[in-house]
Amino acid sequence: MNSVTEIFGSMVFNEHVMKERLPAETYAALKRTIEQGRSLDRGIADVVANAMKDWAIEKGATHFTHWFQPMTGVTAEKHDSFLCPQKDGTAIMRFSGKELIRGEPDASSFPSGGLRATFEARGYTAWDATSFAFIKDGTLCIPTAFCSYGGEALDKKTPLLRSMELLNRQALRILRLFGDTQTAKVNTTVGPEQEYFLVDRELYEQRRDLIYCGRTLFGAKPPKGQELDDHYFGNLKPRVAQFMHDLDQELWRLGIFAKTEHNEVAPAQHELAPIFTTTNIATDHNQLTMELMQKVAARHGLVCLLHEKPFAGVNGSGKHNNWSISTDRGVNLLEPGDSPRENAQFLLFLAAVIKGVDEYQDLLRISVASAGNDHRLGANEAPPAIVSMFVGDDLDEVLRAIETGADCGPHDKVEMRIGVHTLPHFTRDNTDRNRTSPFAFTGNKFEFRMVGSAQSIADCNTVLNTIVAEELSGFADQLEEADDFEAALNDLVRRTIAAHRRIIFNGNNYAREWVEEARERGLLNLKTTADALPHLVSEKNIALFAKNRIFTEAELRSRYEVLLEGYCKTLHIEALTMLEMARKDILPAVLRYTQALADTALKKKQLCPALSCGVEEELAGRLSTLAGCLYDGAAGLEARLLAAKECGDSRAQADHYKETVFPSMQGLRAVADELEGLVAKEFWPYPTYGELLFSVR
């Protein structure tokens with residue numbers, strides 16, 4: 001296969017394949033499930049399973065797996081072969097409808113936050129027919145949801161699917177009020193931009209912190225970093241270009257809409273952006289993208305780093321979640337219309353988003369909370385931890401006019417004239433982009449820029465779908481009872497904008513003044529994961545999720561425990577890694593260099609007592625002092641780690657790691673990084689930032 005169109009989707013059991021291989025009635029029934037959200041007809045499972053098996057074997061597959069997304073944030077799979085033994089000692093290849101619909105992986109060792117005891121091992125995976133099966137590494141992968149024996153969601157997909165169904169129901173109620181009787185389905189769509197770093201594998205394998213933690217725990221700033229802005233959109237290095245070429249091939253075979261690739265801000269940093277697709281499928285595709293990035297990098301002698309902040313003082317990596325709402329008839333409900341009625345509909349959906357983001361700003365912050373993302377948010381490379389919305393000057397003028405009752409005339413399109421006759425003229429967009437905003441309107445979608453590069457986009461989209469659906473439900477309740485729909489609609493939009501204007505901010509989110517202004521507006525500033533997580537189980541948020549059947553209270557509290565435990569364990573692993581590196585590598589290296597300096601001084605004195613040894617003496621003294629600080633810092637960090645065991649509940653432990661362990665880690669790092677600048681290259685035990693960031697050519 002040479003052309004992209006031949007390669008694309010060649011390893012996916014998509015609609016084209018289904019239509020060719022399934023009986024017409026079976027195909028129609030399955031398509032109704034996929035497109036209209038109808039309940040799956042279990043009677044067709046055997047037919048679909050047999051067709052899947054035959055197709056997969058023709059593609060070289062020998063096994064199948066239920067591919068799911070537990071609360072670890074990565075994917076999981078248990079492989080079974082198609083092999084079925086016969087009495088005569090031979091074997092046939094078989095795959096039943098029961099095996100397609102349901103799997104039974106061991107659920108005891110996945111994070112459950114108390115939903116399951118260790119001895120309660122049974123869990124189920126259930127086929128998600130709305131996401132196409134695919135072949136990966138010779139195995140037929142069937143996207144599934146994952147639940148416990150009692151039916152509790154143990155994964156990230158189940159809540160996402162629930163939220164999509166919820167938003168569909170409430171959006172259809174609104175559309176019916178506007179006289180739309182044709183739309184049968186409303187979906188949210190997402191295009192997640194994925195940022196990542198590529199470093200040389202040989203250098204990576206010399207860094208225990210990268211291996212264990214995904215980020216460097218020590219490292220002095222190199223002479224050159226990103227200061228010249230020469231890497232951003234720069235010419236691709238040959239190894240990087242070949243990696244991107246091979247990655248595209250792999251992604252296209254799996255039907256993943258990889259579209260844009262370029263160098264990002266920091267040296268060794270890059271980005272891949274796909275075309276929009278339905279949120280459920282976009283989530284599956286993004287998980288596959290992260291997995292394939294790492295596999296393809298290994299083939300090229302590279303390592304793909306997906307941590308949000310692999311290098312201190314260097315631009316971190318995010319995952320911009322471009323989110324919108326569309327109908328099955330191709331109408332984007334977040335795009336201003338051409339008629340007053342279309343614009344009224346747009347403004348009502350926009351008002352629901354504004355109200356939802358304001359009332360549930362804590363949930364949006366929690367949806368991107370992790371120990372890794374705490375390093376990135378607010379670091380002049382990502383939005384701050386304060387959630388706000390950017391709508392642009394033109395739309396803000398419209399909203400203010402609605403709020404005050406003032407007139408707001410139409411805005412003429414502005415033609416761009418660059419001042420060179422040979423360059424084409426084109427129409428300027430209605431608004432600029434605000435790269436500092438956490439949640440920015442960009443014309444027909446919102447770009448949620450707070451998501452971390454290693455995170456699943458299921459969490460933030462579950463929250464977005466749920467909070468917007470909740471507001472649409474409230475709007476529908478009011479408008480369905482209104483005697484005068486137009487008057488009620490206008491009043492509802494006006495009141496909503498007035499009540500929730502505080503969440504709209506079109507300025508510089510990096511400015512220090514914004515922090516104070518946000519506080520005065522009553523906006524939350526949840527700087528760390530430990531600060532944010534307790535809000536997840538507030539009365540307001542439990543009520544939201546329980547009412548809309550996204551999470552039961554038990555499911556929500558389980559996620560609270562899983563997230564707290566993940567935060568504590570991440571910092572614990574990092575602290576232990578720092579202790580090992582400081583004591584076993586850095587301190588011995590400093591002592592060896594100090595000894596070399598002392599030996600040099602002694603030999604100089606022996607050769608000629610008049611020779612000056614001032615340099616050796618001063619440097620050795622400085623190194624000795626810092627070595628003592630490093631030793632004491634490691635002892636202090638170890639003591640604080642031991643004290644963490646004495647904390648009561650998981651929240652107290654998270655606070656201890658935030659307030660005590662992490663500052664000790666920062667102090668130990670500061671000493672080690674100062675030592676790196678003093679110790680000779682041949683003595684320093686690790687590749688430096690300069691070597692890592694500029695290793696791929």
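The values are calculated or read from the model by the stated rules, or taken from the named source; none is laboratory data. Model, not experiment: these values are computed from the prediction. Note: ideal-geometry Cβ built from the backbone for every residue, glycine included; neighbour counts use all protein chains shown. For accessibility, only protein heavy atoms count, side chains too; no ligands or nucleic acids. Shrake-Rupley method; radii C 1.70, N 1.55, O 1.52, S 1.80 Å.
Based on what the data block shows, is Glu561 open to solvent by 30 Å² or more (accessible area, probe 1.4 Å), without any contact (Cβ under 8 Å) to a residue 24 or more places away in the chain and in a helix (DSSP H, G or I)? No; evaluated as a whole, the condition is false for this residue. You will find that of Ile573, Ile550, the residue that is under 43 Å from the mean Cα position of the chain (by Cα), outside any helix (DSSP H, G or I) and not aromatic (Phe, Trp, Tyr) is Ile550 and no other.
Take Phe243 and decide whether it is in contact with a Cys (Cβ under 9 Å, 6 or more places away or on another chain) and farther than 30 Å from Lys584 by Cβ. Answer is yes for this residue. Has the stretch 638-645 got at least one residue that is outside any helix (DSSP H, G or I) and within 28 Å of Cys213 (Cβ to Cβ)? Within the stretch 638-645 (the criterion being outside any helix (DSSP H, G or I) and within 28 Å of Cys213 (Cβ to Cβ)), the answer is yes, since at least one residue qualifies. In the stretch 250-279, the residues that are closer than 21 Å to Phe8 by Cβ and in a loop (DSSP other than H, G, I, E, B) reach residues that are β-branched (Val, Ile, Thr) and open to solvent by 30 Å² or more (accessible area, probe 1.4 Å) with C-beta atoms within less than 7 angstrom, at least six apart or across chains, in these pairs: Phe257/Ile275. Entry remark, the stretch 507-544: residues being open to solvent by less than 10 Å² (accessible area, probe 1.4 Å) and closer than 14 Å to Glu359 by Cα number 2 in total. Being free of Cβ contacts under 8 Å to residues at least 12 places away in the same chain, under 46 Å from the mean Cα position of the chain (by Cα) and in a helix (DSSP H, G or I), is that true of even one residue in the stretch 608-618? No; the residues of the stretch 608-618 include none that is free of Cβ contacts under 8 Å to residues at least 12 places away in the same chain, under 46 Å from the mean Cα position of the chain (by Cα) and in a helix (DSSP H, G or I). Among the conditions (1) in a loop (DSSP other than H, G, I, E, B); (2) over 22 Å from the mean Cα position of the chain (by Cα); (3) of a type outside the set (Phe, Trp, Tyr), the only one that Leu140 does not satisfy is (1). Contact annotation: residue pairs with Cβ atoms under 6 Å, 6 or more positions apart or on different chains, pairing a residue in the stretch 214-239 that is part of a loop (DSSP other than H, G, I, E, B) with a partner that is surrounded by 18 or more Cβ atoms within 10 Å (Cβ to Cβ) and among the aliphatic types (A, V, I, L, M), are Leu217/Met578; Phe218/Ala672; Gly225/Val314; Gln226/Val265; Gln226/Ala266; Tyr232/Val265; Lys237/Val696. For the criterion of being under 30 Å from Val391 (Cα atoms), small (Gly, Ala, Ser) and buried (at least 21 other Cβ atoms within 10 Å of the Cβ), Ala268 fails.
Between Asp248, Asp209, Asp230, which is surrounded by 18 or more Cβ atoms within 10 Å (Cβ to Cβ) and over 21 Å from Ala454 (Cβ atoms)?
Details: Asp209 fails: over 21 Å from Ala454 (Cβ atoms); Asp230 fails: surrounded by 18 or more Cβ atoms within 10 Å (Cβ to Cβ).
Checking each option against the conditions leaves just Asp248.
Residues considered: Phe218, Phe197, Phe243. Of these, the only one that is at pLDDT 95 or above and either among the polar types (S, T, N, Q) or within 20 Å of the chain's Cα centre (by Cα) (or both) is Phe197.
Every residue, every condition in (1) more than 30 Å from His270 (Cβ to Cβ); (2) among the polar types (S, T, N, Q), yes or no:
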| position | (1), (2) |
| --- | --- |
| Leu160 | no, no |
| Arg176 | yes, no |
| Thr183 | yes, yes |
| Gly191 | no, no |
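When each of Arg583, Arg549 is tested for being touching a residue at least 40 places away in the same chain (Cβ under 8 Å), open to solvent by 10 Å² or more (accessible area, probe 1.4 Å) and on the phi > 0 side of the Ramachandran plot, the lone residue that passes is Arg549.
Do you know which residues across the stretch 135-170 are within 26 Å of Lys185 (Cα to Cα), open to solvent by less than 10 Å² (accessible area, probe 1.4 Å) and touching a Phe, Trp or Tyr at 6+ places or on another chain (Cβ under 8 Å)? Within the stretch 135-170, Ile142, Pro143, Thr144, Phe146, Ala153, Asp155, Lys157, Pro159 qualify. Per the listing Ala56, Ala45, the residue uniquely within 15 Å of Ile135 (Cα to Cα) and either exposed (fewer than 14 other Cβ atoms within 10 Å of the Cβ) or not hydroxyl-bearing (Ser, Thr, Tyr) (or both) is Ala56. Checked against the criterion of being open to solvent by 70 Å² or more (accessible area, probe 1.4 Å) and not in a helix (DSSP H, G or I), the stretch 666-684 contains one or more residues that satisfy it. Please verify whether the stretch 67-86 includes one or more residues that are open to solvent by less than 10 Å² (accessible area, probe 1.4 Å) and more than 27 Å from Leu254 (Cα to Cα). Checking the stretch 67-86: not a single residue is open to solvent by less than 10 Å² (accessible area, probe 1.4 Å) and more than 27 Å from Leu254 (Cα to Cα).
Annotation note: of Glu335, Glu291, the sole residue that is part of a loop (DSSP other than H, G, I, E, B) and either buried (at least 20 other Cβ atoms within 10 Å of the Cβ) or acidic (Asp, Glu) (or both) is Glu335.
Would you call Ser108 of a type in the set (S, T, N, Q), more than 21 Å from Ile34 (Cα to Cα) and buried (at least 18 other Cβ atoms within 10 Å of the Cβ)? It is false that Ser108 is of a type in the set (S, T, N, Q), more than 21 Å from Ile34 (Cα to Cα) and buried (at least 18 other Cβ atoms within 10 Å of the Cβ). For Leu692, the criteria (1) surrounded by fewer than 20 Cβ atoms within 10 Å (Cβ to Cβ); (2) of a type outside the set (Gly, Ala, Ser); (3) touching a strand residue (DSSP E or B) at 6+ places or on another chain (Cβ under 8 Å) hold in every case but one, which is (1). Just so you know, in the stretch 387-426 the residues that are open to solvent by 100 Å² or more (accessible area, probe 1.4 Å) and of a type in the set (D, E, K, R) include one that is modelled with the highest pLDDT, and it is Arg400.
Pairs linking a residue in the stretch 294-316 that is over 11 Å from Arg201 (Cα atoms) to a residue that is at pLDDT below 95 and among the β-branched types (Val, Ile, Thr), with Cβ atoms under 6 Å and 6 or more positions apart or on different chains, are Asn315/Val265. For residues that are open to solvent by 10 Å² or more (accessible area, probe 1.4 Å) and at pLDDT below 90, tally how many sit in the stretch 361-383. Total meeting the criteria: 4.
So which residues in the stretch 111-124 are open to solvent by less than 60 Å² (accessible area, probe 1.4 Å) and outside any loop (DSSP other than H, G, I, E, B), if there are any at all? Listed by number, the residues that qualify are Gly123, Tyr124.
In the set Asp80, Asp41, Asp54, Asp88, only one residue is in contact with a His (Cβ under 7 Å, 6 or more places away or on another chain) and among the acidic types (Asp, Glu); that residue is Asp80. Could you tell me whether the stretch 471-483 includes any residue that is surrounded by 20 or more Cβ atoms within 10 Å (Cβ to Cβ) and part of a loop (DSSP other than H, G, I, E, B)? The answer is no; no qualifying residue exists. Checking the condition at pLDDT below 95 and not charged (D, E, K, R), which residue from Asn490, Asn525 passes? None of the other options fit; the residue is Asn490.
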